[in-house]
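Scroll down for the structure; my scribbles are underneath it.
Nothing in this text is a laboratory measurement; each read-out follows from the coordinates by a stated rule. Keep in mind that this is a model prediction, so the values were computed, not measured. No Cβ is skipped: glycine too gets one built from the backbone with ideal geometry, and neighbour counts run over all protein chains shown.
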Amino acid sequence: MKIAGIVLAAGRSSRMAPRNKLLEPVEGEPIVRRVAEATRASGASPILAVTGHEAAAVTDALRGLNVISVVNPNHADGLSTSLRAGLRALPPGIDGALILLGDMPGVEVSVLRSLMLAFTSESVICVPVRDRRRGNPVLWGRRYFAEMMKISGDAGAKPLMARHEAHVIEVEVETNSIFADVDTPVDLVQIRQPGSG
């Protein structure tokens, strides 16, 4: 199965202003670079990073990782525009896409690989679960790309998952990293603590 990675990295970091959270270091590396490195180590290919706010700086933070930068000029209109930009940029022949949030520096290669192992066809949706809570990232089969292209506003694809519940594969993981994103300075402090995953 050909599985691509789409890193959503276009947000304005409004709750971290004037800093761009994606460029904040965690263990010496920008958050967005950590996400991209984990995606690359999982074996997903190609890897696309959808940029928007401070696109040049975010792209520079990914230098040398063989990540394709896709600029979303409409990023201010919400998350869905970045999702669409990433899906539009996928090459032909992709069976599924890992949709990753660029502000989750603790994302683990083992989680990504578990999702990819559970991915059996382009008709399934693989989501990580811990203690009956679903987290991120999510691996979407190609069957759902057209519907994902119709999502609008500052929303992800969760409502779409509910619509196709019969095709969702829950993948049990042993880490809280699937819940840990960075929205505020407090989040950043917490995620920098040892053992935060």
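Does VAL127 satisfy the criteria of being in contact (Cβ under 8 Å) with a residue 40 or more places away in the chain and in contact with a Lys or Arg (Cβ under 6 Å, 6 or more places away or on another chain)? Give the steps one after another, and end with the answer.
Working: in contact (Cβ under 8 Å) with a residue 40 or more places away in the chain: yes; in contact with a Lys or Arg (Cβ under 6 Å, 6 or more places away or on another chain): yes.
Criteria met by VAL127.
Restricting to the range 154-164, count the residues that are exposed (fewer than 15 other Cβ atoms within 10 Å of the Cβ) and closer than 21 Å to MET116 by Cβ.
Counting residues in the range 154-164 that are exposed (fewer than 15 other Cβ atoms within 10 Å of the Cβ) and closer than 21 Å to MET116 by Cβ gives 1.
For the structure I just gave you, tell me whether ARG142 is over 17 Å from the mean Cα position of the chain (by Cα), in contact (Cβ under 8 Å) with a residue 24 or more places away in the chain, surrounded by 15 or more Cβ atoms within 10 Å (Cβ to Cβ) and farther than 17 Å from SER82 by Cβ.
Numbers: over 17 Å from the mean Cα position of the chain (by Cα): no; in contact (Cβ under 8 Å) with a residue 24 or more places away in the chain: yes; surrounded by 15 or more Cβ atoms within 10 Å (Cβ to Cβ): yes; farther than 17 Å from SER82 by Cβ: yes.
Against the criterion (over 17 Å from the mean Cα position of the chain (by Cα), in contact (Cβ under 8 Å) with a residue 24 or more places away in the chain, surrounded by 15 or more Cβ atoms within 10 Å (Cβ to Cβ) and farther than 17 Å from SER82 by Cβ), ARG142 does not qualify.
Okay, residues lined up against (1) among the β-branched types (Val, Ile, Thr); (2) under 25 Å from GLY28 (Cα atoms):
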| residue | (1), (2) |
| --- | --- |
| VAL111 | yes, yes |
| ALA118 | no, no |
| ASP131 | no, no |
| MET148 | no, no |
| GLY156 | no, no |
| ALA180 | no, yes |
| ASP183 | no, yes |
| LEU188 | no, yes |
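Among PRO105, PRO128, which is crowded, with 20+ Cβ neighbours inside 10 Å, in a loop (DSSP other than H, G, I, E, B), on the phi < 0 side of the Ramachandran plot and touching a strand residue (DSSP E or B) at 6+ places or on another chain (Cβ under 6 Å)?
PRO105
Which residues, counting only those in the range 139-187, are over 22 Å from ALA4 (Cβ atoms) and assigned to a loop (DSSP other than H, G, I, E, B)?
SER152, GLY153, ASP154, GLU174, THR175, PHE179, ALA180, VAL182, ASP183, THR184
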